[in-house]
Structures are given as structure tokens and as C-alpha cells.
Amino acid sequence: MSNIKFVSHEQFPDDPYTKEMVYLCLEEKYRIAYFRKQSKNGGMFWASGTTSVTKDGAKVFFENFLQDSNFLEKDIKAFLDNRTWEKRATGHTALPQQEDLPF
């Protein structure tokens, strides 16, 4: 698996198409944003950001991040779909409950 680390997370409950954004650090060099989008039919999917331009009279979308390997894309989406970044972020910050303290 690729070296993927969680950086930050933000939710957008009021936006009809973009529901979440996660910043990831890849290979300890590259920080990229992935967005959880909701399609018109209600399906949810993760994608990197895109930029739209008008070209030859039509709206065209260009991805802001392209990976050279299908394996990297699968690793990133598995990381996000399994929400392992969320488990790691919350798993290490929990304080012991009062009854678990030795005094």
C-alpha cells in the first residue's frame, strides 16, 4: 500500500453536491484534496478536485491531480472508503474514562 497519511477533514452538509473534503499527504511529499461528491441520483463517490473551462463552446473538466498508477488510485479510494483516516484520527485522542484511572 502507498504511504497515505490523513491531514484534515471538513464536512459540507448544506452543499447539494460536495459533502466532505479530506486532505491527504502522499509519500510525505504531496498534499492533495479529495472530495466526497453526491451525484444527482444520490450516489456517493470520492474524487480529486477538477477545474472547468469553456473550450470550443462547451464546458470541459480537467482533473487537478492525476496519478500514474491505478494502484495508487485504488489505495487512496480504499483508504477513504474504509475511513481508516477517521479511525486513526479519533483512536489516539481519546482520554481514559474516569473509572479507568488508577486513583
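Here is a yes/no grid of residues against (1) within 8 Å of the chain's Cα centre (by Cα); (2) part of a strand (DSSP E or B):
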site: PHE6; (1), (2): no, yes
site: PRO13; (1), (2): no, no
site: CYS25; (1), (2): no, yes
site: GLU28; (1), (2): no, no
site: ALA47; (1), (2): yes, yes
site: SER52; (1), (2): no, yes
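The residue that is farthest from GLN67 (Cα to Cα), counting only those in the range 27-46 that are free of Cβ contacts under 8 Å to residues at least 40 places away in the same chain and surrounded by 15 or more Cβ atoms within 10 Å (Cβ to Cβ), is GLN38. Would you confirm, using the coordinates I've provided, whether THR84 is of a type in the set (Val, Ile, Thr), more than 19 Å from GLY49 (Cβ to Cβ) and at pLDDT 55 or above? Yes; evaluated as a whole, the condition is true for this residue. In the range 57-81, the qualifying residues are those that are within 14 Å of TYR34 (Cα to Cα) and of a type in the set (S, T, N, Q), and the one that is modelled with the highest pLDDT is ASN64.
The values are calculated or read from the model by the stated rules, or taken from the named source; none is laboratory data. Note that the structure is a prediction, hence the values are computed from the model and not measured. Glycine also receives a Cβ, built like all others from the backbone with ideal geometry; neighbour counts cover every protein chain displayed.
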